[in-house]
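Peer 1: Handing you this structure, nothing more for now.
The values are calculated or read from the model by the stated rules, or taken from the named source; none is laboratory data. Predicted model, so just to flag it, every value in this text is computed and none were measured. Cβ placement follows ideal geometry from the backbone for every residue including glycine, while neighbour counts extend to all protein chains displayed. To get the accessible areas, we keep the full protein, side chains included, count just its heavy atoms, and leave off ligands, DNA and RNA. Shrake-Rupley method; radii C 1.70, N 1.55, O 1.52, S 1.80 Å.
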Amino acid sequence: MYFQPENAIKIDIVRLTIEKWHNAELINDDEYYYLLACLISAVPYVSNIAGVYAAYLKYWDKRTYNKLSLADIAINAPDNVCKCFNADYMDVIGMPTDLLYADPPYNSREYLPNYHILETIARYDYPVIKGVTGMRNYKDMKSLFCSKKSVEVAFENLIRHCCARYLLISYNNEGLISTSRLSELCSDYAIKGSFKLIEIDYRRYKSKIPNNKNGLKEQFYFMQLQ
């Protein structure tokens, strides 16, 4: 029940057509990824989910009755050259740069199950799936930041091996690693006097219902590295 049958068929046809055009060299790589982006951007507007794809709703949400519609995605700043990497963080943090902004997971909920439908649409690799939600196998792709046992090592590797001049980490005060311990790690590797912790009160949300319980803070750990 992720999609109404008509929209599921349309998604399938569009995705297969994009692949067919690319294999036949009717479109180049840039056009291929642009069309994939258009399709993936359209999918959430007809998806039967509360916010992520870890589970589908047990009833048909009203937006699932919308017809799948692809729209142009604006291409901004054509004079700038940008690079995107789909890689493990340890493979890219060694690149010298002015600023590295890191936004790692803060709890034990992995990102992969939350977006597995979009991952399958993007890859279209006919994965072996399991369970009623059609989950992909991600056993070997779990994040070190999502485990209490490995989160400290993950953060120390991030900070110690980062080759940026400045490092900015986004986190919160209820993460798997404590504020005091993460602050210690940052101070250990930062140029003396450069480490700053900025905290902002953050209102909780459970589904679409506001929860005004106090205590949750959005955090920014900023430092200049040695």
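Peer 1: Given a 1.4 Å probe and every protein chain left where it sits, what share in percent of the accessible area of the chain is carbon and sulfur?
Peer 2: Exposed carbon and sulfur together represent 55 percent of the surface.
Peer 1: Tell me the label only: which of [x] 12.1; [y] 16.3; [z] 15.6 is mean projected area of the Cα convex hull in nm² as calculated from this structure?
Peer 2: Structure-derived value, by its label: [z].
Peer 1: If you don't mind, another one. What are the residues whose amide H is under 5 Å from the amide H of Arg165, where those residues sit 5 or more places off or on another chain and H is modelled from the backbone?
Peer 2: Here Thr97, Asp98, Leu99 satisfy the definition.
Peer 1: What full-extension length gain, to one decimal in nm, is calculated for Ser41 and Trp21 as 0.36 nm per residue of separation minus the Cα-Cα distance?
Peer 2: Answer, rounded to one decimal: 5.2 nm.
Peer 1: Roughly how many Å² is the accessible area per residue of the chain, as a whole number, for a 1.4 Å probe?
Peer 2: In whole numbers, the chain has 67 Å² accessible per residue.
Peer 1: Looking at the stretch 109-140, which trypsin sites (Lys or Arg not before Pro) are in a loop (DSSP not H, G, I, E or B) and have at most 15 other Cβ atoms within 10 Å?
Peer 2: Arg109
Peer 1: Please list 3J(HN,Hα) in residue order for the stretch 128-139, calculated via the Karplus relation 6.51 cos²θ - 1.76 cosθ + 1.60 where θ = phi - 60°; whole Hz, with x for glycine and proline.
Peer 2: Using θ = phi - 60°, the values come out as 6, 10, 9, x, 5, 8, x, 5, 6, 7, 10, 3 Hz.
Peer 1: Let me ask something else. The stretch 17-75: which GluC sites (Glu not before Pro) are DSSP loop and have at most 16 other beta-carbon atoms within 10 angstrom? Let's see the in-between values first.
Peer 2: Details: sites: Glu19, Glu25, Glu31; in loops: Glu25.
Within the stretch 17-75, the qualifying GluC sites (Glu not before Pro) (loop, at most 16 other Cβ atoms within 10 Å) are Glu25.
Peer 1: Now, a different point. Taking the chain as a Gaussian network, Cα atoms linked when under 10 Å apart, which of Asn114, Asn28, Asn157 shows the biggest mean-square fluctuation?
Peer 2: Top of the fluctuation ranking is Asn28.
Peer 1: Moving on to the next point. Provide, for the stretch 40-193, the number of lysine pairs with alpha carbons under 23 Å apart, each pair being eight or more places apart or on different chains.
Peer 2: So the count works out to 6.
Peer 1: Find how much the distance from Asp91 to Tyr65 grows on full extension, using 0.36 nm per residue of separation minus their present alpha carbon separation; answer in nm with one decimal.
Peer 2: 5.1 nm
Peer 1: Right, another one. Can you tell me the length gained on complete extension of the stretch Glu218 to Arg181, counting 0.36 nm per residue apart and subtracting the Cα distance?
Peer 2: 11.7 nm
Peer 1: At 222 nm, what value in deg cm²/dmol follows for the chain if DSSP H runs of at least 4 each add -39500 (n - 2.57) and the sum is divided by all its residues, to the nearest 500?
Peer 2: Helices in the chain give a 222 nm mean residue ellipticity of -9000 deg cm²/dmol.
Peer 1: Heavy atoms only, probe 1.4 angstrom, no DNA, RNA or ligands counted: give me Arg63, Arg165, Arg15 ranked by accessible area, highest first. Don't skip to the answer; put the middle values down first.
Peer 2: On the way: Arg63 60, Arg165 130, Arg15 0 Å².
Largest accessible area first, the residues go Arg165, Arg63, Arg15.
Peer 1: May I ask you to derive the relative contact order of the chain, considering only C-alpha pairs under 8 Å and at least 6 residues apart, and to give it as an integer percent? It would help to have the intermediate numbers written out before the result.
Peer 2: Numbers: 307 pairs, mean separation 39.9, N = 226.
Over the chain, the number comes to 18 percent.
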